[in-house]
1. Under 5 Å between amide hydrogens, which residues at least 5 positions from Gly16 or on another chain qualify, with H placed 1.01 Å from N in the peptide plane?
2. For Lys75, give me every one of the lysines with a C-alpha distance below 30 angstrom, ignoring sequence neighbours fewer than eight places off in its own chain.
3. So what J values fall out for region 34-41 if you push phi through Karplus, 6.51 cos²θ - 1.76 cosθ + 1.60 with θ = phi - 60°, rounded to Hz, Gly and Pro as x?
4. Taking H as built 1.01 Å from N, whose amide H comes closer than 5 Å to the amide H of Val48, not counting residues under 5 places away?
5. Could you give each residue of region 94-101 its phi-based ³J(HN,Hα) in whole Hz, using Karplus coefficients 6.51, -1.76, 1.60 with θ = phi - 60°, and x for Gly or Pro?
6. At a Cα cut-off below 19 Å, give the aspartates and glutamates reachable from Lys76, other chains included and same-chain residues fewer than 8 away excluded.
7. Can you give the charge dipole size of the chain about its Cα centre, rounded to the nearest 20 debye, using +1 on the beta carbon of Lys and Arg and -1 on the beta carbon of Asp and Glu?
Amino acid sequence: QVQLVESGGGSVQPGGSLRLSCAVSSSFFSMYSMAWYRQPPGKQRELVAAISSGGLTNYADSVKGRFIISRDNAKKTLYLQMNSLKPEDTAVYYCKANWVSEYWGQGTQVTVSS
């Protein structure tokens, strides 16, 4: 069973930055398409950013220019660099791995508030 463990969440003031990490327990990490999702309070889960096994990226319009998704295949880790954070970025952030099957992490809370 593949496990995904997110870390790096926390509380930050508007305009601040955070970097989320997602460690994946699979030797086939480089084969996975990876993505970050988030679920704001009282709302549905939504795609934030995705990166293919080949490194192609795409972003939700709401985070373009502020967030950067990346991966380190040697460390089997996915990252999300979040800059210029806004209160509306407050959510539980989840990573997802997809290859033969789909796997989700347990989520990490990000709170943006003054």
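1. Leu85
2. Reachable lysines: Lys64, Lys86, Lys96.
3. Residue by residue, region 34-41 yields 10, 8, 10, 10, 9, 10, x, x Hz.
4. Amide H to amide H, under 5 Å and 5 or more residues apart or across chains, Val48 pairs with Trp36, Tyr37, Arg38.
5. Going residue by residue, I get 10, 9, 9, 10, 9, 9, 6, 10 Hz, with x marking Gly and Pro.
6. The qualifying aspartates and glutamates are Glu6, Glu102.
7. Its charge dipole is roughly 100 debye.
Readers should treat all values here as calculations from the given coordinates under stated rules, not as data from a laboratory. Not measured: the values here are computed from a predicted model. FYI the Cβ positions are ideal-geometry reconstructions off the backbone, even for glycines, and counts take in every protein chain you see.
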